[in-house]
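S.K.: My questions all concern the structure below.
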Amino acid sequence: MTSYKDIKQLTIKQFESAINKAFEDKSSFSFIRLGDGEGALLDFDEECTIHDTLYLSEHVGKQASLNQLYDLKRNLSNLINTADIIGVRDDVLGVSFNDALISSNNTELFLDTFKKSFRLRETERNICFADAVRIAKLYKTLKHRKFQTQQFCTQWISFDYFLSGAMTNLLERAGHIGVITARTDIPQKLRECLSIKVTEHITPDKSARQVGHFVPHYPEHFERIKNSINVEYHGMPYLVAAGLIGKGYCAEIQQQGGIALDIGALIDCWDGRYSRPKVIESRFTVKKTLLGKKRLPDELKMTKENAARLRQVFKSRHC
């Protein structure tokens, strides 16, 4: 059993090896990521601040009931228990912080102590109170929880896994994969760039991104999509990029004998979207267009040219 102080993060090589073993053994596997949003959900109760409630409504919708939020919280907690690898923010590990300050009315004291305690990325030095609370709540969850056989890695390892060429190699070896995402163009991009068969499940986008008629992801569409998941062979990789709610699909994939990979905002980059700028800018020197708009690095795109480059990257690492 592992406690907070004993958590060690896997290297990218160890992460790659764990997924390869599951694929070669044709065994079930689940990788999920826990960020500040998951921290807010796992610590949710009726006394939560309006900041947390509004944040969760961005994912679930303003009409979400307390019962629905409690259901999501319970499902995520159960998912943590069955996951093989859990990705967490680097800055919530190795921290000594009085989590009682989360409930303090002294926001200035909380934020000052938080900034001194957590090793924030340079891009987050001016973090706001609401964002800091969610990160602190993730820390609180990890600090007070015991883990069985789960291993840990950085929350954004899916970017490293892709950039290493190992993800492309896995998907091409598999030949037939599943994808769960709101990005409608991604399944066809994967077919064209990797020459693989793709079973697609298109979800509603998160509430905050929707315009016009609101289509709630949870619970109706969640249950429909979950029931449509069909792992066609043991060890079949399934890429999941469906936000806070989408974590629940990983459990279904794992139960059916598949390999569930929660890759998150990486799929936005494949779609040409400059998503998660703090993550991108911590890994790349980002160039700008003539109009001053930040340019998504070509290395993060899903194109035939990048797929060819990644095959060579993988080959050079394993020759």
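S.K.: Quick one: accessible surface of SER28, probe radius 1.4 Å, all protein chains present, in square angstrom to the nearest 10.
M.R.: So the heavy atoms of SER28 present about 50 Å² to solvent.
S.K.: Then there is this: Please tell me which of these pairs span more than 28 angstrom C-alpha to C-alpha: LYS140/LYS189; LYS13/LYS293; LYS189/LYS288?
M.R.: With Cα atoms farther than 28 Å apart: LYS140/LYS189; LYS13/LYS293.
S.K.: Got a sec? Charge dipole of the range 223-297, +1 on Cβ for Lys and Arg, -1 for Asp and Glu; which of SER275, GLY258, LEU291 is way out at the positive end?
M.R.: Going by the Cα projections, it comes out as LEU291.
S.K.: With the full set of protein chains in place, find how many percent of the accessible area of the range 39-81 is carbon and sulfur; take the probe as 1.4 Å.
M.R.: With neighbouring chains kept in place, the figure for the range 39-81 is 46 percent.
S.K.: May I pose another question? Cα-based Rg of the chain per 2.2 N^0.38 Å, rounded to two decimals?
M.R.: 0.98
S.K.: Still on this structure, please answer the following. Quick check: pseudo-label points 7 Å beyond the Cα along Cα→Cβ at CYS128 and ASP6, how many nm apart are they?
M.R.: Label-label distance for CYS128 and ASP6, simple model: 4.0 nm.
S.K.: Using 7 Å Cα-to-Cβ label points, what is the ARG311/SER17 separation (nm, one decimal)?
M.R.: Label-label distance for ARG311 and SER17, simple model: 2.8 nm.
S.K.: Based on the Cβ-Cβ distance of ASN98 and LYS294, what FRET efficiency does E = 1/(1 + (r/R0)^6) give at R0 = 35 Å, to the nearest 0.05?
M.R.: Efficiency, rounded to the nearest 0.05: 0.40.
S.K.: Taking R0 as 30 Å, what FRET efficiency do you get between ASP185 and LYS116 from their Cβ-Cβ distance, rounded to the nearest 0.05?
M.R.: 0.10
S.K.: Along the principal axes of its C-alpha atoms, what lengths does the range 29-173 span, in descending order and rounded to whole Å?
M.R.: Each principal axis gives a Cα extent; for the range 29-173 these are 54, 36, 29 Å.
S.K.: Still on this structure, I have one more. Measuring from a point 7 Å past the Cα of THR107 along Cα-to-C-beta, which residues in the range 129-147 have an amide N at less than 15 Å?
M.R.: 129-134
S.K.: Taking the Cα centre of the chain as origin, sum charge times position over the Cβ atoms of Lys and Arg (+1) and Asp and Glu (-1), and report the length of that vector in debye to the nearest 20.
M.R.: 1020
S.K.: Using helices alone, I'd like the mean residue ellipticity at 222 nm for the chain: each DSSP H run of four-plus residues gives -39500 (n - 2.57), total over residue count, nearest 500.
M.R.: -13500 deg cm²/dmol
S.K.: Run the 1.4 Å probe and let me know the accessible area of HIS144, rounded to the nearest 10 Å².
M.R.: Surface accessible to solvent at HIS144 totals approximately 120 Å².
S.K.: How far is helix 107-117 tilted off the main Cα axis of the chain, in degrees rounded to 10, range 0 to 90?
M.R.: Computed tilt is about 50 degrees.
S.K.: Just to check, using Stokes-Einstein with a Kirkwood Rh over alpha carbon pairs, what's the diffusion coefficient of the range 268-319 at 37 °C and 0.692 mPa s in µm²/s?
M.R.: 269
S.K.: Using only protein heavy atoms and a 1.4 Å probe, report how much of LYS73 is accessible, in Å² to the nearest 10.
M.R.: 60
S.K.: Using label points projected 7 Å from each Cα along Cα→Cβ, tell me how many nm separate VAL215 and SER282, to one decimal.
M.R.: Inter-label distance under the simple model: 3.3 nm.
S.K.: From the Cα gyration tensor of the range 177-261, with a ≥ b ≥ c the square roots of its eigenvalues, which class applies: rounded if a/c is under 1.5, or else prolate if a/b is larger than b/c, or else oblate?
M.R.: oblate
S.K.: Provide the per residue accessible area, probe 1.4 Å, for the range 93-237, rounded to a whole number of square angstrom.
M.R.: 46
The values are calculated or read from the model by the stated rules, or taken from the named source; none is laboratory data. Bear in mind that the values here come from a model prediction, so they are computed numbers and not experimental data. Using ideal geometry, Cβ is built from the backbone for each residue, glycine included, and neighbour counts are taken over all protein chains shown. When the accessible area is computed, the model is the full protein with side chains, heavy atoms only, and any ligands, DNA or RNA have been set aside. Shrake-Rupley method; radii C 1.70, N 1.55, O 1.52, S 1.80 Å.
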